[in-house]
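Please treat every number below as a calculation from the coordinates, not as lab data. Since we're looking at a predicted model, the values are computed, not measured. Cβ atoms come from the backbone with ideal geometry, glycine included; neighbour counts cover every protein chain shown.
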Amino acid sequence: MDYIKQIRILKILPCIADAEKIRFHAQLDRDISEILPYLNAILDSGIYNHYGKTLTIKKEGRIITIYSYDIQGAKIDDEEDAVRILEWLKEKINYCYKNKDKIQPNYQRRQSLNPLDIYRLLPGLNCKQCGETTCFSFAIKLSAEETNIMHCGPILSSQYQKRRKILFQLLKSSGYTVPSVFVE
């Protein structure tokens, strides 16, 4: 039996952050505050607030905040995309409920990385291979999870192996996606 049976979209509005996208407000059919620490444990990119009973995640550029009874999303492509995201979340919530005894709940709040911390570990070449004009602008986008570390070609060279190892460990420990081939 599913813990969550339905997530109903209440509102669809234009996205404030991106005029080409939408945002939504949806309602869960029950309180999931007890499941949030389990979701925090299985979802890598979350920022969890135990006292506020919220979990904010980024999924493929979308920003989703999960509350006890509600879910809000921004930077969503369209209504079909919103439905897909909500179905995915419903599956994750139900999975966590069914497997609570096998998942170690995580009550810790992951912090977003400071762009300066990332910048200090980048090559500092301003080579523009990543599509940004400077390494610092790349670090800003990387800290906001708007780009991927793999777009920095120089960091992948053997010359920067030591920096890469530290940077990738920092990213991984903060919940950022890092290719497993580079994580020891």
Q: Would you compute, for the Cα atoms of segment 86-184, the largest minus smallest coordinate along each principal axis and list the three values in descending order, in whole Å?
A: 49, 28, 21
Q: Can you list which of the GluC sites (Glu not before Pro) found in segment 27-116 are DSSP loop residues with at most 10 other C-beta atoms within 10 Å?
A: GLU60
Q) Using r as the Cβ-Cβ distance of ASP78 and ASN126, and R0 as 25 Å, what FRET efficiency do you calculate, to the nearest 0.05? A) 0.10
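Would you mind computing the Rg to Rh ratio of segment 7-98 from its alpha-carbon coordinates, Kirkwood style for Rh? It would help to have the intermediate numbers written out before the result.
On the way: Rg = 12.4 Å, Rh = 13.1 Å.
Expressed as Rg/Rh, it is 0.94.
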Q) How about segment 41-137: which chymotrypsin sites (Phe, Trp or Tyr not before Pro) there lie in a loop by DSSP and see at most 14 other Cβ atoms within 10 Å? A) TYR51, TYR69, TYR107
Q) Just one of (i) 27; (ii) 37; (iii) 18 is percent of Cα pairs over 27 Å apart calculated from these coordinates, so which is it? A) (ii)
Q | Nearest-20 debye value, the chain charge dipole, Cβ charges on Lys, Arg, Asp, Glu | A | 640
Q. Just how far, in whole angstrom, is segment 2-81 from segment 102-143 if you go by their alpha carbon centroids?
A. 23
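Per DSSP H run of n ≥ 4, the term is -39500 (n - 2.57); total these for the chain, divide by its residue number, and report the mean residue ellipticity at 222 nm rounded to 500 deg cm²/dmol.
Computed ellipticity for the chain at 222 nm equals -9000 deg cm²/dmol.
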Q) Angle between the Cα long axis of helix 79-98 and the longest principal axis of the chain, 0 to 90 degrees, nearest 10? A) 80
Q. Which links in LYS92/LYS165; LYS75/LYS172; LYS53/LYS100; LYS98/LYS141; LYS141/LYS165; LYS21/LYS165 stretch past 27 Å when you go from one Cα to the other?
A. LYS92/LYS165; LYS98/LYS141; LYS21/LYS165
